[in-house]
Amino acid sequence: MQLRDSDHFSLIGAGLAGPVMATYLSQLGYPVDIYESRSDMRVNSQSAGRSINLALSQRGIRALKDIGAFKKIKSSLIPMSGRMIHDADGNTHIQPYGQKKNEVIYSVSRSKLNKSLMDHAEGKENVNLHFNYDLKGIDFENSKLNFQNKNIPFCRVLGSDGASSKVRASIIKDSDIHFSKRPLGHGYKELTIPPNNNSGFQLDQNALHIWPRGQFMLIALPNFDQSFTCTLFLPMDGDNSFTSLNSEKKVVDFFKNYFPDAEELIPNLSDEYHKRPVGKLATIYCDKWHYGGIAAIFGDAAHAIVPFFGQGMNASLQDCTVMNSLVKGYEGDWDEIFSKFSDNQVPNGFAIADMALENYVEMRDSVNDQKYKIRRQLEFDLENKFWDRFVPRYSMVSFHELPYSEVYRRGEIQFKLIDSFIEGIITKKKLYADIENKLSPIR
Ligand SMILES: Cc1cc2nc3c(=O)[nH]c(=O)nc-3n(C[C@H](O)[C@H](O)[C@H](O)COP(=O)(O)OP(=O)(O)OC[C@H]3O[C@@H](n4cnc5c(N)ncnc54)[C@H](O)[C@@H]3O)c2cc1C
């Protein structure tokens with residue numbers, strides 16, 4: 001490929017998605033300079049931001065495999081085969097995520113993954129990482145990136161600078177993009193279940209643990225050091241909220257009341273509770289992700305979502321995979337590449353945003369309903385019978401790579417069919433016939 005001067009990329013943000021996009025582009029021969037506001041977390045130990053660990057699934061794995069980074073990270077993954085539900089009375093049961101052996105999601109350390117992806121990108125000779133470069137805005141007229149202390153010329157810019165993206169803000173200033181940020185009204189706080197005295201896990205390490213309690217919940221994901229990171233999701237205000245739990249006694253009483261089995265496993269609960277910050281949750285909806293052939297946004301900058309489907313990073317890495325195939329398909333036609341990227345991905349961003357919001361209600365409330373359990377079993381039975389047509393929505397999201405908007409569309413058809421069958425509106429024969437008629441085979 002003959003490179004032009006304009007084929008150089010400036011990429012803002014070296015979080016989880018930025019280094020992956022840079023590596024994809026470098027593999028196609030494009031030079032990339034990455035500018036990151038923080039210092040280098042590989043040198044100065046610092047938090048990688050937000051959650052300590054996260055769930056990696058098929059869409060993310062695909063991208064990591066494509067760029068050749070999966071092998072390195074594989075040994076740091078802990079498989080989680082299902083949700084371990086902790087009832088209020090202390091009983092537990094497992095709800096498998098899928099029914100095939102490989103249908104598991106993986107717990108991974110955010111900082112380990114981020115560092116590894118930076119190393120991987122930096123290992124490419126045409127990728128350069130620059131730290132302590134805090135973008136303030138973009139001057140599109142003069143093709144300049146405005147950083148805190150200097151202005152740097154650019155040819156083409158990609159923004160993966162997270163939920164409060166400055167690249168997005170600069171594009172919006174110069175165009176007619178519609179953007180909204182919808183706060184959830186709930187936040188989160190992380191707590192730790194340390195290893196036991198024999199340096200072992202205190203809970204089943206191959207599950208994602210959930211304590212569903214209606215309006216709020218506690219979850220826990222395993223770490224490589226045999227600890228668990230718990231995340232408490234609570235309303236910001238009102239009863240049982242981050243505002244109302246404002247004393248040591250209230251916090252301990254709250255845990256003893258709602259999560260007694262977890263409370264026993266978290267030493268220094270009130271200390272840790274008061275030291276750890278409350279993270280706020282919101283959804284970003286943005287109806288266009290590019291500015292001509294000059295700039296594009298992806299990852300949380302384009303579609304920050306609430307974390308209840310474990311898909312924010314996976315969706316962000318899938319953005320990179322989609323961009324890669326468009327760059328290959330429309331070589332050098334950046335107007336076409338960026339506009340196709342936006343047209344393809346905006347509906348997918350909206351779809352996963354909505355599914356993530358719906359999943360909060362499922363995780364904190366519905367997982368213990370009898371109706372939910374009947375529905376889930378029926379989904380698995382139908383998947384066994386119609387394996388290429390009927391795939392439960394959770395599985396389509398986590399174990400397949402279908403565009404999220406297509407997952408949403410198929411999921412709605414499936415929900416309606418199942419509801420009609422459970423409520424006795426349609427017979428089993430009609431259910432089977434409708435699956436054949438309404439759901440095309442998934443390729
Ligand atoms: C509590 C919680 C749990 C989560 N769990 C999961 C999960 O289990 N699975 C999952 O798939 N996703 C999960 N996510 C979502 C996931 O964290 C994000 O979707 C993912 O980090 C997005 O990657 P990104 O690169 O777009 O943004 P980020 O990872 O946020 O990276 C943005 C980068 O840009 C840099 N930056 C910001 N502003 C500037 C600037 N002005 N100039 C230069 N650099 C800048 C930042 O320092 C950062 O390095 C979770 C999120 C939260 C909050």
Based on the alpha-carbon gyration tensor of the chain and its eigenvalue square roots a ≥ b ≥ c, which shape applies: rounded if a/c is under 1.5, prolate if not and a/b is larger than b/c, or oblate?
oblate
Share (percent) of C-alpha pair distances in region 91-193 greater than 22 Å works out to 59 percent
Length added when fully stretched, His274-Glu406, from 0.36 nm per residue minus Cα-Cα:
43.3 nm
Inter-label distance for Ser143 and Glu336, nm, one decimal - labels placed 7 Å from Cα along Cα-to-Cβ
2.2 nm
Note on region 389-443: contact order normalised by length, alpha-carbon pairs under 8 Å, 6 or more apart, percent, works out to 45 percent
Axial C-alpha extent at least 20 Å, average Kyte-Doolittle at least -0.5 - helices from the chain (DSSP)
312-329, 334-364, 404-422
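Sorted from fewest to most neighbouring beta carbons within 10 Å, what does the list Met21, Met118, Met363 look like?
Fewest-to-most ranking of Met21, Met118, Met363: Met363, Met118, Met21.
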Only Lys, Arg, Asp and Glu count, each charged at its Cβ (+1, +1, -1, -1), so figure out the dipole size of region 242-363 about its Cα centre, rounded to 20 debye.
320 debye
What relative contact order, as a whole-number percentage, does the chain give when Cα pairs under 8 Å and 6 or more residues apart are counted?
18 percent
Let's test the formula: R0 of 60 Å, r as the Cβ-Cβ distance of Gln226 and Arg4. What FRET efficiency results, to the nearest 0.05?
0.70
note: region 320-367, Cα-Cα separations exceeding 12 Å make up a percent value of 67 percent
Could you give the size of the charge dipole of the chain about its Cα centre, using +1 on the Cβ of each K and R and -1 on the Cβ of each D and E, expressed in debye and rounded to the nearest 20?
520 debye
Ordered by number, the chymotrypsin sites (Phe, Trp or Tyr not before Pro) in region 190-238 that occupy a DSSP loop and have at most 15 other Cβ atoms within 10 Å are Phe224
For Asp174, what is the net charge nearby, where nearby means another residue's Cβ is under 10 Å from its Cβ and Lys, Arg count +1, Asp, Glu -1?
-2
Using only helices, what value at 222 nm comes out for the chain when you add -39,500 (n - 2.57) per DSSP H run of length 4 or more and divide by the total residues, to the nearest 500 deg cm²/dmol?
-12000 deg cm²/dmol
Using only alpha carbon pairs under 8 Å that are at least six residues apart, calculate the relative contact order of region 184-281 and give it in whole percent.
36 percent
Proxy exposure order for Phe298, Phe9 (fewest C-beta within 10 Å first) is Phe9, Phe298
Given all pairs of distinct Cα atoms, region 1-125 yields a Kirkwood Rh in Å of 16.6 Å
Please report Tyr404, Tyr291, Tyr330 as a ranked list, fewest other C-beta atoms within 10 angstrom at the top and most at the bottom.
Tyr330, Tyr291, Tyr404
Which lysines, on any chain, are close to Lys250 with Cα under 25 Å apart, when same-chain ones fewer than 8 places away are left out?
Lys189, Lys275, Lys280
Under the rule a/c < 1.5 gives rounded, and otherwise a/b versus b/c splits prolate from oblate, where does region 184-281 land using the Cα gyration tensor?
prolate
Proximal aspartates and glutamates to Lys385, defined as alpha-carbon separation beneath 12 angstrom and excluding residues fewer than eight positions away on the same chain:
Glu436
Checked region 402-443 with the C-alpha gyration tensor, a ≥ b ≥ c its square-rooted eigenvalues, rounded below a/c of 1.5, otherwise prolate if a/b is larger than b/c and oblate if not; verdict oblate
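Read-outs throughout are calculated quantities, based only on the coordinates presented, and are distinct from any laboratory measurement. Please read these numbers as outputs of a predicted model, since none were measured by experiment. Note: ideal-geometry Cβ built from the backbone for every residue, glycine included; neighbour counts use all protein chains shown.
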